[in-house]
Amino acid sequence: MLHTRTTAAERRRALREQLASGRLLRVPGAINPLSARLIQDLGFDAVYLSGAVLAADLGLPDIGLTTSTEVAARAQQTTRVTDLPVLIDADTGFGEPMNAARTVQLLEDAGLAGLHLEDQVNPKRCGHLDGKTITPREEMVRRLRAAVDARRDPDFLLMARTDARSVEGLGAAIDRAKAYVDAGADAIFPEALADEAEYEAFRKAVDVPLLANLTEFGRTPLLDTRALESLGYNIALYPVTLLRLAMGAIEDGLRTIATEGTQQSLLPRMQTRSRLYELLGYADYAAFDSAVFDFTLPPGT
């Protein structure tokens, strides 16, 4: 109620321990703080905040138009309501290496467990679209070193994302990933891999935790958790799934209301009032309010 039961430091340590265990972590992307609560309630391992989802929520395309302060604000709103570790998409660090350093500290202060920085050039593109431009390897290394130097909590996870696969090829993407690990990246996010063989090649070449980006309608096959476990991956990421589900349902619902003149036929597809109240913890708030309001002073005061 009102806040989480754990500290940011505890959640960061928990994420590190989970990654060290070697098991696959299932990490859906939240679309708002309430959906983060639902992700926790249904037993997932962590929460993700996608830059594409945040941009879409603001009615913007995912081309680097959001700011670090907008991202940090959404992060703080989310970490306030879940005891799961929260990872966030920090795009390119929102500027030069100095900006990336400031971004790390902003997102540490927002209670996150970690972030990823990517090696694109602004204006960036969705990782599964054509037209991407990637920064020289040396520039990305500077970006990462600035992030590492700025980090105050050593448990805060710094992940490097490389978009080189679709621009320079698989071999170059692996070489970049190795350079990013040498620069201090704790984990690697290889974007837009084409098939299981490429997943396997990355796992053989890179000896840090690896993330599989299972975004829909993209270049990457939607591997199931059993396949990812056998490939030795550490994080199965579902970054935009909930947004796509929600927006599809919203559009269908609006069309139904426009056509039928009532939402009556939609009721079986809705979350009930009682389930919403359960998720929000209404009973806990009511009990807290009663305990504060309905009290008597002890004798002699």
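The values are calculated or read from the model by the stated rules, or taken from the named source; none is laboratory data. Nothing here was measured: the structure is a model prediction, and the numbers come from that model. Cβ atoms come from the backbone with ideal geometry, glycine included; neighbour counts cover every protein chain shown. Heads up: the accessible areas ignore ligands, DNA and RNA and are worked out on the full protein's heavy atoms, side chains in. Shrake-Rupley method; radii C 1.70, N 1.55, O 1.52, S 1.80 Å.
Numbers for the structure displayed
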item: Share antiparallel - DSSP beta bridges, the chain, percent rounded to 5; result: 5 percent
item: Dipole of region 118-246, positive end: most advanced residue of Met140, Ala172, Ala187 [Cβ charges, Cα centre]; result: Met140
item: Listed residues Glu251, Glu118, Glu96, most fluctuating in the chain (Gaussian network, C-alpha, under 10 Å); result: Glu251
item: Ala227-Asp207 FRET efficiency (beta carbon distance; Förster radius 25 Å; 0.05 resolution); result: 0.75
item: Label point at Leu276 placed 7 Å out along Cα→Cβ; residues across region 26-69 whose backbone nitrogen lies under 14 Å; result: 34-35
item: Gaussian network model of the chain, Cα within-10 Å springs - most flexible of Gly29, Gly261, Gly59; result: Gly261
item: Helix-derived mean residue ellipticity, 222 nm - over the chain, DSSP H n ≥ 4, -39500 (n - 2.57), to 500; result: -14500 deg cm²/dmol
item: Cα-projected label distance for Arg13 with Asp195, points at 7 Å along beta-carbon direction, nm; result: 4.5 nm
item: Of Arg244, Arg269, Arg11, the one that fluctuates the most in a GNM where the chain has Cα springs shorter than 10 Å; result: Arg269
item: Two-site FRET efficiency, Thr133 against Glu216, from Cβ-Cβ distance with R₀ of 22 Å, rounded to 0.05; result: 0.35
item: Karplus-derived HN-Hα couplings along region 206-220 (A = 6.51, B = -1.76, C = 1.60, θ = phi - 60°), whole Hz, x at Gly and Pro; result: 10, 9, 9, x, 10, 10, 9, 8, 9, 7, 7, 6, x, 8, 9
item: Cα-projected label distance for Asp149 with Thr6, points at 7 Å along beta-carbon direction, nm; result: 3.2 nm
item: Relative contact order (%) - the chain, alpha-carbon pairs under 8 angstrom, separation at least six; result: 18 percent
item: Antiparallel %, DSSP beta bridges [both residues in region 73-220], to 5; result: 5 percent
item: About the Cα centre, charge dipole magnitude for the chain (Lys/Arg +1, Asp/Glu -1 at Cβ), debye; result: 140 debye
item: Excluding exposed DSSP-loop chymotrypsin sites (Phe, Trp or Tyr not before Pro) (at most 13 other C-beta within 10 Å), longest clean stretch of the chain; result: 1-216
item: Potential lengthening between Asp83 and Ala291 on full extension [0.36 nm per residue; Cα-Cα distance subtracted]; result: 72.4 nm
item: Positive-end residue of Ala236, Leu25, Leu84, charge dipole of the chain with Cβ unit charges; result: Leu84
item: Modelled FRET efficiency - R0 30 Å, Glu260 with Asp41, Cβ distances, 0.05 increments; result: 0.40
item: Carbon plus sulfur fraction of accessible area for region 1-153, probe 1.4 Å, in percent; result: 52 percent
